[in-house]
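Taking it in order: structure first as structure tokens, then the write-up.
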Amino acid sequence: MQRCAVALLTACHVATGVRKRRKVSSDAANKGSMPLDKALFMATHNSYEKKPMGIIQSFDFGVRQVELDIYIKDFSRHKQYCIGHFWCGEATQVGELGNPNTTYLNAWLEQIADWSRSHRDHSPISLLIDMKSDLASGGKTYAEAGFPNLQETFQGIFGDLMYWANEKPGGYWPSVNQLRGRIMVVLSGNRNSRIFYQEDKGRNPRVAVNDAGLVVETHTNQGGRSIYYWTGKMSGDTVSWFRKGKFDAGKDTWPVLLNDNTVVEVHKSENLDNLFFRVGRLDQASMEISWAPSVKYDSGKSPAIRLLPNGQLQERHISEWTGKVWTRNGTLDVARRIITWTDSKQVNLAAFDPVAISPSGSRRVEAKAQSDLLFYRTGSSGTFKKIAYEQMFFIDWQPGCDGTSENYPPLNQGSWIGVSRRCDGVKRMEGVATRVWQYNKDDQRNGKEFGSYPATDEPDAAYKSWVSSKSYGIIY
């Protein structure tokens, strides 16, 4: 199975050959002309659990939404996410009815991808991933099962089968036929993860860029005691952000990025007025930074650093006693990841401009925090954009029975809604697909709202007949 480096996610696709269309009935063609959110699909709830059919069998039956619950337990050992209900492996129908003989995610995804490639004209599949673990808190890195790893897992297995969230037009859904042969992944479950997949929060962000357009951003967390980084790549007026992580305790962080991808960062202690530097290496393939230990070099406040035209580094900071600016130059030993500094001296200069300019002057990036949300822009004017992962996944908003839960951005701005069958009045919105979980035959008989995806635990012939009887029911 071909895998794509995370830095190439937006451009790399698994080659699957020319898609051959099969003939469909005129009835199916007419139903397929409607927008996805107006159609009705068969769906299963907790699809990995004991069901009358396995996941692949359910696709053959016409089901077009399945759900997998995932945990990150033992990720460092297995390097995969684990499937289960109340815990890893719990209630998973492993090795039965065609399901994989493992509780780990990749084999299940590979089955889904193989089926899709063998049935190229299927109506769109939505795969709901219920995150039972928090994939965001603490700035979880790739190695810690954070979102960069989840995205690389899905991109590597699904490739160009995936319909990315950032492909979808704003405000409406394409038609079912336009999405044939595609797979959409929807993140549900852990609320913190659903929020921080779409945005990030922090204070005093600073950014660095080199002539190749590689970008490093650093910031202090909302608590003011830890510092985090993002890495990205410029393309036109946009930065694609790939990796994130916590890399030290401290505050008032400031990075610089050299053309050889060496990263130098300075920051203040979270408690005292001690100043530290760190040297790292940005790997262009993985977009991950490997950091050397932090080293104390002075005392003061608000440290900043810049690369000089002669290749030296210049640091400036404010004295904790006088409020005056002090500066010193440094010579970087890249191999040993250390800096030899000159003595510091007081100067009649301002602190550095936080706008980042690449060594040749060809690139420009700046960052800001607004209401603790992190933003960036590449030009001297224009709109600031959120610092966030490339939006591969759709996000499930769960407004509750009264429609008011989670009624705040970014959760209430998505294209999916998930509600329980226990709700008497399901919230419906124009341009938003609705999933009703644990929908059953009594709900059908009683005429309860079923949304776009009535996710059942009983995918049988009666359920299929009910969906297909609707003028907007899709079963191909």
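The values are calculated or read from the model by the stated rules, or taken from the named source; none is laboratory data. Note that the structure is a prediction, hence the values are computed from the model and not measured. Reconstructed Cβ throughout: ideal geometry from the backbone, glycine too, with neighbour counts over all protein chains shown. Quick note on the areas: whole protein, heavy atoms, side chains included, nothing else; ligands and nucleic acids left out. Shrake-Rupley method; radii C 1.70, N 1.55, O 1.52, S 1.80 Å.
Label separation (GLU144 vs ARG191): 2.2 nm, computed from points 7 Å beyond Cα along the C-beta direction.
Average accessible surface for region 108-187: 25 Å² per residue, computed with a 1.4 Å probe over protein heavy atoms with every protein chain in place. Across the options GLY250, LEU282, THR231, the greatest Cα extent toward the positive end of the charge dipole of region 184-293 (unit charges at beta carbon of Lys, Arg, Asp, Glu) belongs to GLY250. Checking the table LYS251/LYS301; LYS201/LYS368; LYS73/LYS386; LYS168/LYS464; LYS50/LYS448 against a 20 Å threshold on Cα-Cα, which pairs fail? Where the Cα-Cα span goes over 20 Å, the pairs concerned are LYS73/LYS386; LYS168/LYS464; LYS50/LYS448. Taking Cβ atoms as reference points and 11 Å as the exclusive limit, the residues near ASP460 contribute a net charge of +1, counting Lys and Arg as +1 and Asp and Glu as -1.
Maximal additional length on extending the SER76-ARG281 stretch stands at 71.5 nm, based on 0.36 nm per residue less the C-alpha distance. All other residues with a Cβ under 10 Å from the Cβ of GLY223 taken together, and with Lys, Arg as +1 and Asp, Glu as -1, what is their net charge? Its environment carries a net charge of +2.
Shape verdict for region 348-476, please, from the Cα gyration tensor: rounded (a/c under 1.5), prolate (a/b greater than b/c) or oblate. Prolate is the answer for region 348-476, as a/c is 1.5 or above and a/b outweighs b/c. Computed about its Cα centre, the charge dipole of the chain is approximately 680 debye, with only Lys, Arg, Asp and Glu carrying charge at their Cβ.
For region 225-378, the Kirkwood hydrodynamic radius comes to 16.2 Å, computed from all pairs of different C-alpha atoms.
Here r is the Cβ-Cβ distance between LYS464 and THR383 and R0 is 56 Å; the resulting FRET efficiency, rounded to 0.05, is 0.75. Take each peptide in 314-323, 145-154, 100-109, count the other Cβ atoms within 10 Å of every residue, and average; sorted highest first, the result is 145-154, 100-109, 314-323.
Carbon-plus-sulfur accessible fraction, the chain (probe radius 1.4 Å, protein heavy atoms only): 48%. Extension gain for the segment ASN348 to PHE86, taken as residue separation times 0.36 nm less the Cα-Cα distance, is 88.1 nm to one decimal. What separates the Cα centres of region 69-148 and region 431-476 is a distance of 25 Å.
Using helices alone, I'd like the mean residue ellipticity at 222 nm for the chain: each DSSP H run of four-plus residues gives -39500 (n - 2.57), total over residue count, nearest 500.
Working: 8 runs with 63 residues, N = 476.
Taken over the chain, the calculation gives -3500 deg cm²/dmol.
A dipole drawn for the chain from +1 and -1 charges on Cβ atoms has a positive end, and of TYR48, THR220, GLY361 the residue lying farthest that way is GLY361. When the trypsin sites (Lys or Arg not before Pro) in region 49-101 are filtered for DSSP coil states and for at most 11 other beta-carbon atoms within 10 Å of their beta-carbon, the remaining sites are LYS50. For the pair TYR472 and LYS441, a Förster radius of 22 Å applied to the C-beta separation gives a FRET efficiency near 0.65, rounded to the nearest 0.05.
The structure shown yields mean projected area of the Cα convex hull in nm², and of the options (1) 27.2; (2) 31.3; (3) 24.4 that calculated value carries the label (3). Of all DSSP-defined beta bridges confined to the chain, some 70% are antiparallel rather than parallel.
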